[in-house]
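Student: Below is the structure I would like to discuss, written out as structure tokens.
Throughout, read-outs are computed from the coordinates displayed, never taken from laboratory work. In this text the structure is predicted, and so the values were computed from the model without any measurement. Positions of Cβ are generated from backbone atoms using ideal geometry, with glycine treated the same way; all protein chains shown enter the neighbour counts.
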């Protein structure tokens, strides 16, 4: 071959990305995740005029939005650990929205003052695009119980600074997105499961976004959160940790939004329909109203740390499911690796009210915030009854949970209650031993039911004799998407003993 002869030249990354974009989608959105992520990385690394970069990103944004709309709903029913397909979807969606947000933010920041002015309203739309991608990145991470990207809130504040260069009348849409991100963060989303977070997202899209943002608010700061432009961290409640004395700080408060939510709950309780209030139709369900009630309380008053957390390092056993725990309490020596897969965990810190721990060994499945489980420090110790307050898994091999201790021990019972029809339902339940809290009545933990306020029959077996006792519910002491704790009183007049 002559020295100056040249073989086929490799196609440039930009040309390859454009060729892929021009090709028809494969049809299955999941198959487009990997190539879209690959080509976006190539585009983000390219050196070009920022105006050209912003134009080039637009068709990729459209493709990403279509894929996200198709795949994101699949994440609403996730449990930990994530199955491989859902983990692939979640990681792909967070990556592509993160790449789009970063590339768009970098290009927008490089525009000169004259270029921003010449672009007119398009610059405000660019800021909205940045924040919309960051919001998607946040939502996907929360729905699958992973930590949002470390730089997410720094990028959000950078986009907010760019937005302040726009005329006030052009910033409303972008500010609404940022306020929605703040409201979702202040809702304590780690305490909700994916479907509940999906409901909150729908709710925030349908209401006035009354979130107050200030550089330096006046008066007491108990209801405020703070962000620092120089720190890669999520919003921090002032009641949890005071802001630093110096730095580029941004504060926000959701108290006005809490008032909106409280009014919605009041009107829904008065039998007004969600549709008439312009709210998601799912608010007809008790579960959604419960989520909104908990969120409203968090917006009105950020939770305070009630107890000092003490660093710890000791092993415990977890029985992760209520049915399995019921069997163990009924027959204490019945546990074995096949029928009752106990898991090993390491306590990282503890307080009088609970624990934070990380998974060590044993198969884990179906773990969700709001679930109940048993914990013991050794086979000779009683099973503590705990509620999963939050769960987090940033990779396939690592799960962390925060547990609230709700009873030091429990006894297995059955309950029979009606669900509003003629049918009766038999369900396992745990009669909680006293020792925690200041409840006036006995308490019972069982699976969540629509018949929580209905009378029920409790079946116990003292001394080998079956005893049926009519019980009246005083109030639901605690309810989550999975379980409920009921305060009740026994009515001994209709009482039977069966040999």
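Student: Given C-alpha coordinates of the chain, what is the ratio Rg to Rh with the Kirkwood estimate of Rh?
Tutor: 1.04
Student: Between residue 106 and residue 434, what is the label-point separation in nm under the 7 Å Cα-to-beta-carbon projection?
Tutor: Taking the simple label geometry, residue 434 and residue 106 are separated by 6.4 nm.
Student: Any chance you could list the semi-axes, whole Å, largest first, of the equivalent ellipsoid that the Cα gyration tensor gives for segment 116-181, using √(5λ)?
Tutor: 25, 10, 9
Student: Right, next: Could you line up 200, 405, 430 from fewest to most neighbouring Cβ atoms inside 10 Å?
Tutor: Fewest to most other Cβ atoms nearby, the residues stand as 405, 200, 430.
Student: Cα axis of helix 29-45 to longest principal axis of the chain: angle in degrees, 0 to 90, nearest 10?
Tutor: That works out to roughly 50 degrees.
Student: For every helix of n ≥ 4 consecutive DSSP H residues, a contribution of -39,500 (n - 2.57) applies; sum these over the chain, divide by its total residues, and give [θ] at 222 nm rounded to the nearest 500 deg cm²/dmol.
Tutor: -12000 deg cm²/dmol
Student: Ordered by packing density, taken as the mean number of other Cβ atoms within 10 Å over each peptide's residues, highest first, how do 276-283, 157-164, 358-365 rank?
Tutor: 157-164, 276-283, 358-365
Student: What ranking of 392, 304, 330 emerges when the number of other C-beta atoms within 10 Å of each C-beta is taken as an exposure proxy, fewest first?
Tutor: Exposure proxy ranking, most exposed first: 304, 330, 392.
Student: Follow-up. Using the basic label-point model (7 angstrom from Cα toward the beta carbon), what is the residue 222 to residue 19 distance in nanometres?
Tutor: Each label point is offset 7 Å from its Cα along the Cβ direction, giving 6.5 nm.
Student: Can you tell me the FRET efficiency between residue 381 and residue 42 if r is taken as the Cβ-Cβ distance and R0 is 56 Å, rounded to the nearest 0.05?
Tutor: The value I calculate is 0.50.
Student: Using alpha carbons only, how many degrees (0 to 90, rounded to 10) separate the axis of helix 172-186 from the longest principal axis of the chain?
Tutor: 30
Student: Another question, then. Could you state the angle between the C-alpha long axis of helix 121-143 and the longest principal axis of the C-alpha atoms of the chain, as a value from 0 to 90 degrees rounded to the nearest 10?
Tutor: 30
Student: Return the whole-Å distance between the Cα centroid of segment 9-38 and the Cα centroid of segment 373-397.
Tutor: If you average the Cα positions of each part, the centres end up 44 Å apart.
Student: Using a/c under 1.5 as the rounded threshold, could you call segment 263-386 rounded, prolate or oblate? The axes a ≥ b ≥ c are square roots of the C-alpha gyration tensor eigenvalues, and prolate needs a/b larger than b/c, oblate otherwise.
Tutor: In terms of gyration-tensor shape, prolate.
Student: Would you please classify the overall shape of segment 194-323 from the alpha carbon gyration tensor, given that a ≥ b ≥ c denote the square roots of the eigenvalues, rounded means a/c under 1.5, and beyond that prolate means a/b larger than b/c while oblate covers the rest?
Tutor: Since a/c reaches 1.5 but b/c is at least a/b, the shape of segment 194-323 is classed as oblate.
Student: If I take every Cα pair under 8 Å that is 6 or more residues apart in segment 151-257, average their sequence separation and divide by the length, what percent do I get for the relative contact order?
Tutor: Value for segment 151-257: 32 percent.
Student: For segment 11-171, rounded, prolate or oblate, judged on the Cα gyration tensor with a ≥ b ≥ c (square roots of eigenvalues), a/c < 1.5 rounded, else prolate if a/b > b/c?
Tutor: Here segment 11-171 falls in the oblate category.
Student: Here's another thing I want to ask about it. Over the chain, what is the relative contact order in percent, taking alpha-carbon pairs closer than 8 angstrom and at least six residues apart?
Tutor: With pairs under 8 Å counted, the relative contact order is 10 percent.
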